[in-house]
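Read the structure below first, then the notes.
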Amino acid sequence: MDAYADPLAHFAAWLAEAEKSEPSDPNAMALATADTGGLPNVRMVLLKGYDAQGFVFYTNFESRKGGELLANPQAAAVFHWKSLRRQVRIRGAVSVVSDAEADAYFASRPRDSRIGAWASQQSRPVEGRFALEAAVAKYAAKYAIGEVPRPPYWSGFRIAPASIEFWADRPFRLHDRLVYSRSQNAEGDAGWTTERLFP
């Protein structure tokens, strides 16, 4: 595995390959957070954008992951592309995206998904499927005409990676592991250093 000057270029190349070979959701990543007692939680979410600032996904702030990230703004994530026998691991600090970013992404979602964001009290107990369907019907009627606004409790998070590890399968479990880590130079600018790890 060759190192790139920029890990985002490396990620872009691997994601492009995954988009051709993965049967569904090549942008799916396992997101790990921790509760106030330090106990981890992990679940699958969808990456909705990435750039030099970090990796972005969206959620309900009142969900378990939303609450944990607001209380402890650090996370880890992993992409696993089984068809390519590759993984990418990300760790870093988390921040909330701007309202403009959240509004733009929310407006791009299918209308039924926007209604669902209003109807679902994510991660909280529900009496049954009927209660969810009734909530969907309520908000579908409320927003029957015009645009569906973004709920105030729904937005996105950005993971600013402190490290990104690229893992590629090799025979006899002699895998390739390449880690990019943020470093500070004399001027205080963050750059990337690379190192290879034993499998």
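The values are calculated or read from the model by the stated rules, or taken from the named source; none is laboratory data. Worth saying up front: this structure is predicted, and the values here are computed from it rather than measured. All Cβ positions, even for glycine, are placed from backbone atoms using ideal geometry, and neighbour counts span all protein chains on display.
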**Message:** Just checking, does the stretch 143-164 include any residue being at pLDDT 95 or above, under 17 Å from the mean Cα position of the chain (by Cα), closer than 22 Å to LEU70 by Cβ and aromatic (Phe, Trp, Tyr)?
**Reply:** yes
**Message:** What's the total number of residues in the stretch 95-146 that are hydroxyl-bearing (Ser, Thr, Tyr) and without any contact (Cβ under 8 Å) to a residue 40 or more places away in the chain?
**Reply:** 5
**Message:** Please count how many residues of the stretch 1-52 are hydroxyl-bearing (Ser, Thr, Tyr), outside any loop (DSSP other than H, G, I, E, B) and under 28 Å from SER98 (Cα atoms).
**Reply:** 2
**Prompt:** Of the conditions (1) over 26 Å from ARG124 (Cβ atoms); (2) more than 15 Å from the chain's Cα centre (by Cα); (3) of a type in the set (Asp, Glu), GLU62 fails just one. Which one is it?
**Reply:** (1)
**Prompt:** Which condition number does ILE90 fail, the rest of (1) in contact with a Phe, Trp or Tyr (Cβ under 7 Å, 6 or more places away or on another chain); (2) at pLDDT below 95 being met?
**Reply:** (2)
**Message:** So, restricting to strands (runs of 3 or more DSSP E) that lie completely within the stretch 65-181, which ones have at least 1 residues that are over 19 Å from LEU15 (Cβ atoms) and of a type in the set (Ser, Thr, Tyr)?
**Reply:** 86-96, 154-168
**Asked** Pairs, please: C-beta under 9 Å, at least 6 apart or cross-chain, first residue free of Cβ contacts under 8 Å to residues at least 60 places away in the same chain and surrounded by 13 or more Cβ atoms within 10 Å (Cβ to Cβ) and in the stretch 2-20, second among the aromatic types (Phe, Trp, Tyr) and in a helix (DSSP H, G or I)?
**Response** TYR4/PHE11
**Request:** Could you tell me whether the stretch 100-116 includes any residue that is of a type in the set (Val, Ile, Thr), surrounded by 16 or more Cβ atoms within 10 Å (Cβ to Cβ) and either under 17 Å from the mean Cα position of the chain (by Cα) or over 30 Å from ALA141 (Cα atoms) (or both)?
**Result:** no
**Request:** Could you list, in sequence order, all residues of the stretch 30-65 that are free of Cβ contacts under 8 Å to residues at least 40 places away in the same chain and under 21 Å from ALA107 (Cβ atoms)?
**Result:** VAL45, LEU46, LEU47
